[in-house]
1. Against the conditions (1) within 14 Å of chain B (Cβ to nearest Cβ); (2) within 22 Å of A:VAL6 (Cβ to Cβ); (3) in a strand (DSSP E or B), where does A:THR121 fall short? Just the number, please.
2. Just checking, does the stretch B:89-106 include any residue being surrounded by fewer than 21 Cβ atoms within 10 Å (Cβ to Cβ), within 30 Å of B:SER241 (Cα to Cα), modelled with pLDDT of 95 or more and not aromatic (Phe, Trp, Tyr)?
3. So, of the residues in the stretch B:54-80 that are in a loop (DSSP other than H, G, I, E, B) and β-branched (Val, Ile, Thr), which turns out to be nearest to the other protein chains (Cβ to nearest Cβ)?
4. With the requirement that a residue be out of contact with any Gly (no Cβ under 8 Å at 6 or more places or on another chain) and surrounded by 24 or more Cβ atoms within 10 Å (Cβ to Cβ), what does the stretch A:164-179 give you?
5. For the stretch B:15-53, which residues satisfy the criterion of being touching a Ser or Thr at 6+ places or on another chain (Cβ under 8 Å), within 14 Å of chain A (Cβ to nearest Cβ), closer than 21 Å to B:ALA222 by Cβ and outside any loop (DSSP other than H, G, I, E, B)?
6. Just checking: which of the helices (runs of 4 or more DSSP H) contained wholly in the stretch B:192-293 hold 3 or more residues that are buried (at least 23 other Cβ atoms within 10 Å of the Cβ)?
7. Hey, could you check the stretch B:43-66 for residues that are closer than 11 Å to B:VAL106 by Cβ and among the β-branched types (Val, Ile, Thr) and say which is surrounded by the fewest Cβ atoms within 10 Å (Cβ to Cβ)?
Amino acid sequence: MKKIGVLALQGAIREHIYQIEAVGCEAIAIKKPSDLEGIDGLILPGGESTTIRKLLDRFHLLEPIQNLAKQGLPMFGTCAGLILLAREIVGYEDPHLGVMNVVVERNSFGRQVDSFECDITLPKLQKVVPAVFIRAPHIISVDEHVEILAKYEERIVLARDRNFLGCSFHPELTKDVTIMQYFVELIRNH
Amino acid sequence: MKQLGTERVKRGMAEMQKGGVIMDVVNAEQAKIAEAAGAVAVMALERVPSDIRKAGGVARMADPRIVEEVMNAVSIPVMAKARIGHIVEARVLEAMGVDYIDESEVLTPADEEFHLLKSDYTVPFVCGCRDLGEAARRIGEGASMLRTKGEPGTGNIVEAVRHIRKVNAQVRRVVGMSTDELMTEAKVLGAPYELLGEIKRLGRLPVVNFAAGGVATPADAALMMELGADGVFVGSGIFKSENPEKFARAIVEATTHYKDYKLIAEISKELGTPMKGIEIATLPAEERMQERGW
């Protein structure tokens, strides 16, 4: 059984754990560096990216996660998690983990009153999934080799770069596990 | 089709705040300190609860200028308070683009009979509760997030502890009941029947429930997490302490690692004086904010 860690510093951790278990994998909450041992993949959940970043620094998790990223550990970031993964964030000098070759913009759909849900088409997976966007970021641009998996209103909202999967919205707030299954496939094939 | 302000979008926003600390601030400078300390959101106010107590008189929605200033100062979500039942204060805050409204007993109620019909709004609401009946009525009106009422502005955790224990004990009781007992329980609690069915099915409340009203130290925050709170609001506790920056950071860390007692000992060292507290028994009944709301 694949072991998937969920960074458990702040945010919607429980929802990812349900989805991991729903696709038949074991979920591990990651609060300190030693929790990272033996995981096959890591999820960076939604929450507040500024808060999660500060806690990554204070509890000495930033570097160990960056090292695992470079060694090829599959990682899946939703919303704040995508911001943590991105190599560049519009308006900020430095990225957080900075490992995924995409440029993101924070809160790019507006404030909470502009948050929405809709259906998103995933052409490659030939599926339509429900998507919840909450003060969501989007991917402004990607490097050449990055695979764009979904767009909404011409904006990139789901992409894969090598071992990294980044998502603007929250599949974990719905019962649909399509994207989680895709991540598990990525873990198996990587 | 794109749908704004659905139940899932509003409740989901609160889900993203879990495990975090929401801090009361009265200006842009405090908001920046809160953000730098790792707050997941700030509550923009004209006065923190302990100053509202001191000032007396009618407490209303903050000057929109203060709310705007805070919104411009930080990238994290900004919440603001409207008086209980004050439809226009709530609509004004919504029109300004505030991310969450607290229909709050800290302010003087505008309506002593009816709360806002919160399901009518695009913006999500948080409301206070002391027991499951109150919690369920607020959810029934459309609240997307709950918090304990505690006793705001006192720096005394005892009421918040009472409220979270009460709500959680009542949730456990409902979860353990058989379905044919739920209607009578709904009658006893004054709670919508369908909601009790949902709580039984889920095994928990359908929205997140934060601690509020009396959190003054990192250990207080950790205690509320231990008792099952999803996160913590800190009102007067931070900017009424001797060293707000240090205090704010320590409360954030204690909330994340609420079971790591060595860490809590470490971060609680030489924090300076917390806010001066008030013994609840010395508060005259009419000054207890928790009695507001129905």
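1. Against the list (1) within 14 Å of chain B (Cβ to nearest Cβ); (2) within 22 Å of A:VAL6 (Cβ to Cβ); (3) in a strand (DSSP E or B), A:THR121 comes up short only on (2).
2. No.
3. Residues of the stretch B:54-80 in a loop (DSSP other than H, G, I, E, B): B:56-63, B:74-77.
The next check asks that each one be β-branched (Val, Ile, Thr); those that pass are B:58, B:74, B:76.
Working: B:VAL58: 28, B:VAL74: 9, B:ILE76: 6 Å.
The extreme case among them is B:ILE76.
4. Step one: of the stretch A:164-179, the residues out of contact with any Gly (no Cβ under 8 Å at 6 or more places or on another chain) are A:168-169, A:171, A:174-179.
Those that are out of contact with any Gly (no Cβ under 8 Å at 6 or more places or on another chain) and surrounded by 24 or more Cβ atoms within 10 Å (Cβ to Cβ): A:SER168, A:PHE169, A:PRO171, A:ILE179.
5. Result: B:VAL21, single match.
6. B:218-226, B:236-239, B:244-256
7. So the residue we want is B:ILE52.
Every residue, every condition in (1) touching a helix residue (DSSP H, G or I) at 6+ places or on another chain (Cβ under 9 Å); (2) without any contact (Cβ under 8 Å) to a residue 12 or more places away in the chain; (3) closer than 24 Å to B:CYS129 by Cβ; (4) hydrophobic (A, V, I, L, M, F, W, C), yes or no:
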site: B:VAL208; (1), (2), (3), (4): yes, no, yes, yes
site: B:VAL215; (1), (2), (3), (4): yes, no, yes, yes
site: B:GLY228; (1), (2), (3), (4): yes, no, yes, no
site: B:GLU270; (1), (2), (3), (4): yes, yes, no, no
site: B:ILE280; (1), (2), (3), (4): yes, no, yes, yes
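The values are calculated or read from the model by the stated rules, or taken from the named source; none is laboratory data. Everything numeric here is computed off the predicted structure, so don't read it as measured data. Here the Cβ is made from the backbone with ideal geometry for all residues, glycine too, and neighbour counts use every protein chain on show. Side chains included, ligands, DNA and RNA excluded: accessible areas come from the protein's heavy atoms. Shrake-Rupley method; radii C 1.70, N 1.55, O 1.52, S 1.80 Å.
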